[in-house]
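The values are calculated or read from the model by the stated rules, or taken from the named source; none is laboratory data. All figures in this text were calculated on a predicted structure; none of them were measured in a lab. Methodologically, a virtual Cβ is constructed for each residue, glycine included, from the backbone with ideal geometry; neighbour enumeration extends over all protein chains shown. Quick note on the areas: whole protein, heavy atoms, side chains included, nothing else; ligands and nucleic acids left out. Shrake-Rupley method; radii C 1.70, N 1.55, O 1.52, S 1.80 Å.
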Amino acid sequence: MSMLALGLLFGGVTLLVMFSGMPIAFALGAVAAVFMFFFMPASSLDTVTQNVYEELSSITLLSIPLFILKGAAIGKSRAGADLYSALHVWMSKIPGGLGIANVFACALFAAMAGSSPATCSAIGSAGIPEMRKRGYSPGFAAGIIAAGGTLGILLPPSITMILYAVAAEQSLGRLFLAGIGPGLLLVVLFAAYAS
Amino acid sequence: MLAGINRLVLFLSMIALVLAAAVLTYSVFSRYFFHAATDWQDELAVFLLVGATFLCGAYVQSYRGHVGIEAVASILPPAANRWRLTVVDILTLAFCAFFAWKSWTLFHEAWVDKQTTSSSWAPPLIIPYGLMAFGMSLLSLQTLLQTLTHFLGDRRNRP
């Protein structure tokens, strides 16, 4: 079988198994193991577990469980709602201040937690009802939060960047630094649009 | 019985996570403020977190909490969905059993050859391998039970 056909087959089977609802961790592992069994020397199957352990024992990757632990602590507390109400009070004088307050709250939360869904749920749960009450359209209110949520992975710390740094063997510190500029630019643009 | 083990293991993993956080914090402090050389902290944290990761697998599986794409599940009719779930569980079981078996052979190898990590602290490698093998075995057992409920019709574990 040619390289291209093998690649297409692998991609197709992976997608099929993933969409079957099988847990992603086991789906990727099972597909890889089956293909190794059929298309690679038999000895390669023996090193699967060792490879998994060696990848796991990278110090950079191990920061993820601890980031999630921190995120869980912030998520359980009232930090998101408090942050939002503080910014709301500050910005209420400016025209369009409510939207700006939401964007800034998203940005600040993104600088504490490393994930976009976490940012959306933390700020959105307080922010969207407030915006709806003040007559923002549902689409616009949800749009502000959805856009603000994307800051979650851009502003450091960011779990996605940690994974990228490990996969592409890049410096994590430099990746985090590279996220700050575009992140702040987006905050300003979102705020300008929201007002 | 298995639920009890899962609870115990979950509790141990919580402690491991907090301990890992404490060890890493200590490591950073001693290295940057006291310029002390650190050798055992990184690996201890790795062992703790590897243990936490693998041991919790069975607990998460018992709630079907492993992340998967459920988009197809919502459009299939219930009968087809039950078939889908059965097939998925069998596949999951096969992979977990394979992984558990391979990690036990790895553990055995490390035990016989008395392998250690390559650092100056050099702890035996059977610790992380053992945790991995034990965790995957628990997970296989849990998946086996859940697969059997499809055929035996025990309503307790059915989602």
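Condition first: of a type in the set (S, T, Y) and within 8 Å of the chain's Cα centre (by Cα). Now tell me which residues in region B:39-62 satisfy that. Let's see the steps before the verdict.
Our first condition is that a residue be of a type in the set (S, T, Y); within region B:39-62, this holds for B:53, B:59, B:62.
Of everything in region B:39-62, just one residue is of a type in the set (S, T, Y) and within 8 Å of the chain's Cα centre (by Cα), namely B:T53.
Counting residues that are open to solvent by 40 Å² or more (accessible area, probe 1.4 Å) and closer than 30 Å to A:A126 by Cβ, which helices (runs of 4 or more DSSP H) fully inside region A:2-79 reach at least 3?
Hits in region A:2-79: A:63-76.
Give the residue, chosen from B:G65, B:G57, that is closer than 30 Å to A:L15 by Cα, of a type outside the set (A, V, I, L, M) and in contact (Cβ under 8 Å) with a residue 12 or more places away in the chain. Step through it out loud before you land on a result.
Values: B:G65 fails: in contact (Cβ under 8 Å) with a residue 12 or more places away in the chain.
So the residue among B:G65, B:G57 that is closer than 30 Å to A:L15 by Cα, of a type outside the set (A, V, I, L, M) and in contact (Cβ under 8 Å) with a residue 12 or more places away in the chain is B:G57.
Pull up region B:110-129, narrow it to residues that are over 19 Å from B:W40 (Cα atoms) and in contact with a helix residue (DSSP H, G or I) (Cβ under 8 Å, 6 or more places away or on another chain), then point me to the one that is most open to solvent (accessible area, probe 1.4 Å).
Filtering first and then ranking leaves B:W111.
For region B:78-93, enumerate the residues that are within 7 Å of chain A (Cβ to nearest Cβ) and open to solvent by less than 60 Å² (accessible area, probe 1.4 Å).
B:R84, B:V88, B:T92 - these are the residues of region B:78-93 that are within 7 Å of chain A (Cβ to nearest Cβ) and open to solvent by less than 60 Å² (accessible area, probe 1.4 Å).
Hey, among B:V23, B:V9, B:V28, which residue is in a helix (DSSP H, G or I), out of contact with any strand residue (DSSP E or B) (no Cβ under 9 Å at 6 or more places or on another chain) and exposed (fewer than 15 other Cβ atoms within 10 Å of the Cβ)?
After applying the criteria, what remains is B:V28.
Residues checked against (1) in a helix (DSSP H, G or I); (2) open to solvent by 20 Å² or more (accessible area, probe 1.4 Å); (3) facing chain A (nearest Cβ under 8 Å):
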{"site": "B:A37", "(1), (2), (3)": "no, yes, no"}
{"site": "B:D42", "(1), (2), (3)": "yes, yes, yes"}
{"site": "B:A58", "(1), (2), (3)": "yes, no, no"}
{"site": "B:R64", "(1), (2), (3)": "no, yes, no"}
{"site": "B:V72", "(1), (2), (3)": "no, yes, yes"}
{"site": "B:L76", "(1), (2), (3)": "no, yes, no"}
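How do the helices (runs of 4 or more DSSP H) wholly within region A:104-195 filter down when requiring 2 or more residues that are touching a Phe, Trp or Tyr at 6+ places or on another chain (Cβ under 6 Å): which remain?
Helices (runs of 4 or more DSSP H) meeting the threshold: A:116-133.
Six or more apart or on different chains, Cβ atoms under 7 Å: show the pairs whose first residue is in region A:1-27 and on the phi > 0 side of the Ramachandran plot and whose second is assigned to a helix (DSSP H, G or I) and surrounded by 13 or more Cβ atoms within 10 Å (Cβ to Cβ).
Hits for this filter: A:G21/B:R84; A:G21/B:V88.
Which one of these is facing chain B (nearest Cβ under 10 Å) and of a type in the set (F, W, Y): A:F26, A:F39?
Going through A:F26, A:F39 in turn, just one is facing chain B (nearest Cβ under 10 Å) and of a type in the set (F, W, Y): A:F26.
Going through region B:120-136 one residue at a time, which ones are in contact (Cβ under 8 Å) with a residue 24 or more places away in the chain and within 14 Å of B:L48 (Cβ to Cβ)?
If the condition is that a residue be in contact (Cβ under 8 Å) with a residue 24 or more places away in the chain and within 14 Å of B:L48 (Cβ to Cβ), then B:P123, B:I127, B:P128, B:L131, B:M132, B:G135 are the ones that fit.
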